[in-house]
Amino acid sequence: MYAKGQTVIQLMEQLAPKHLAVPDDRIGLQLGSLQKEIKQVLVALDVTDEVVEEAIGLGADLIIAHHAIIFRPLKTLNTDQPVGKLYEKLIKNDIAVYISHTNLDTAEGGMNDWMADALGIESSGTLEDVHTDQLFKLVVFVPKTHHQQVQDAVLRAGAGHIGNYSHCSFNIEGIGTFVPQEGAHPYLGQQGKLEQVEEVRVETMVPAGIRGKVIQAMLKAHPYEEVAYDLYPMDLKGRTFGLGRVGKLKQPCTLREFVDVVKKGLKVPHVRVVGDLDRDVKKAAVLGGSGSRYVNKALYKGADVIVTGDIDYHTAHDALMAGIAIVDPGHNAEKMMKEQTANWLRVKLEESRCATKVQASAVDTEPFRFM
């Protein structure tokens, strides 16, 4: 059985929830339809003509990419122009394009975490906060016979996280009463008769981003036809998600040695470097993509060096004066998302017993050539 397009995207959004994107980022479905079976998914960094040809050759129904193909509202769609031809080719071959950009960067276990792991950075924080989860209190009343079943389902769905603790809940035993009315099909009791049941009141915390998932899990595990539960907002902050990562290096080294770590970890043949190659590097920051405006943030966080792309001349001079080193591996260093995302999605589809295949693009979309 092949997964529907919406199912594939629901799984993808478990990795990179849309609410984690920065405001106005061009994410989500950009072209085509998800109302179809998906036999083959191609994961790409960029959607170029070569990538589209690769997708056609694979028989792909869906491309999941990191960089958007539509940045601004279209005023015309001229198929005589290169971009118009690209859209036309995708449409004629019924290939949908879905973008996961800053939400994938920000997500725990996403782009910036992958890059930090590759560089040996023991991440202890972000460079810029993007989203803080609003917390809700879930209260549900469960018959004692199904207490553990419902509690386990709710906690497995992601509820119950407080700081560095998981599976947090509070449970109180009591007596629940109800009278099944005409038309009811009660799990316990009879129509028209007062029923008293030993029940447990289960309380736990739920981040706003997974409310639907937790409630669905609770209702599925609960035996009652009508489940009594409350969900109300709390005046507390949940987990904070952000762009970039900063932390101590597992192996402190010189900047010269760290350059080799970057080239090997991010699989790039060349980098641009700002700073004294013999200086010590103990704490590092990393941000995928364009990071010129994050250099000062890395300095403020105590980093000796920041690894990021698209550094301009004046930012480099400012960094030299401020005393922070820069290693620029280029924007294309984000290419690691192809294998990482494909592997993650492949496992999720296999767990769902779907026959949909996922492949990482083999096309090198680096536009620069170093001579």
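The values are calculated or read from the model by the stated rules, or taken from the named source; none is laboratory data. Fair warning: this is a prediction, and the values are worked out from it, not measured in the lab. Ideal geometry is used to build each Cβ from the backbone, glycine not excepted, and the neighbour counts take in all protein chains shown.
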Can you pull out the residues in the range 286-297 that are touching a helix residue (DSSP H, G or I) at 6+ places or on another chain (Cβ under 9 Å) and over 26 Å from residue 364 (Cα atoms)? 293, 295, 296
Could you tell me which of the residues 347, 327 is modelled with pLDDT of 95 or more, out of contact with any Ser or Thr (no Cβ under 9 Å at 6 or more places or on another chain) and β-branched (Val, Ile, Thr)? 347
By residue number, the members of the range 89-100 that are buried (at least 23 other Cβ atoms within 10 Å of the Cβ) and under 13 Å from residue 341 (Cβ atoms) are 99, 100
Restricting to the range 9-50, give me the number of residues that are in a loop (DSSP other than H, G, I, E, B), within 26 Å of residue 366 (Cα to Cα) and charged (D, E, K, R). 4
Find the residue count for the range 192-222, including only residues that are of a type in the set (A, V, I, L, M), surrounded by 14 or more Cβ atoms within 10 Å (Cβ to Cβ) and farther than 14 Å from residue 142 by Cα. 5
Can you pull out the strands (runs of 3 or more DSSP E) entirely within the range 148-259 that have at least 2 residues that are in contact (Cβ under 8 Å) with a residue 60 or more places away in the chain, out of contact with any Lys or Arg (no Cβ under 6 Å at 6 or more places or on another chain) and more than 26 Å from residue 20 (Cβ to Cβ)? 195-207, 229-243, 245-254
Given the residues 116, 96, 159, which is the only one that is in contact with a strand residue (DSSP E or B) (Cβ under 7 Å, 6 or more places away or on another chain), farther than 30 Å from residue 249 by Cα, among the hydrophobic types (A, V, I, L, M, F, W, C) and not assigned by TED's automatic domain parsing to the domain that holds residue 200? 96
Just for strands (runs of 3 or more DSSP E) wholly inside the range 269-349: which have at least 2 residues that are buried (at least 21 other Cβ atoms within 10 Å of the Cβ) and touching a Phe, Trp or Tyr at 6+ places or on another chain (Cβ under 6 Å)? 280-290
If you scan the range 51-71, which residues turn out to be surrounded by fewer than 20 Cβ atoms within 10 Å (Cβ to Cβ), touching a residue at least 40 places away in the same chain (Cβ under 8 Å) and either of a type in the set (Val, Ile, Thr) or not in a helix (DSSP H, G or I) (or both)? 68, 70, 71
Residue list for the range 223-249, restricted to those being surrounded by 12 or more Cβ atoms within 10 Å (Cβ to Cβ) and among the basic types (Lys, Arg): 239, 245, 248
Within the bounds of the range 103-115, is there any residue that is of a type in the set (S, T, N, Q), closer than 20 Å to residue 361 by Cβ and assigned to a helix (DSSP H, G or I)? yes
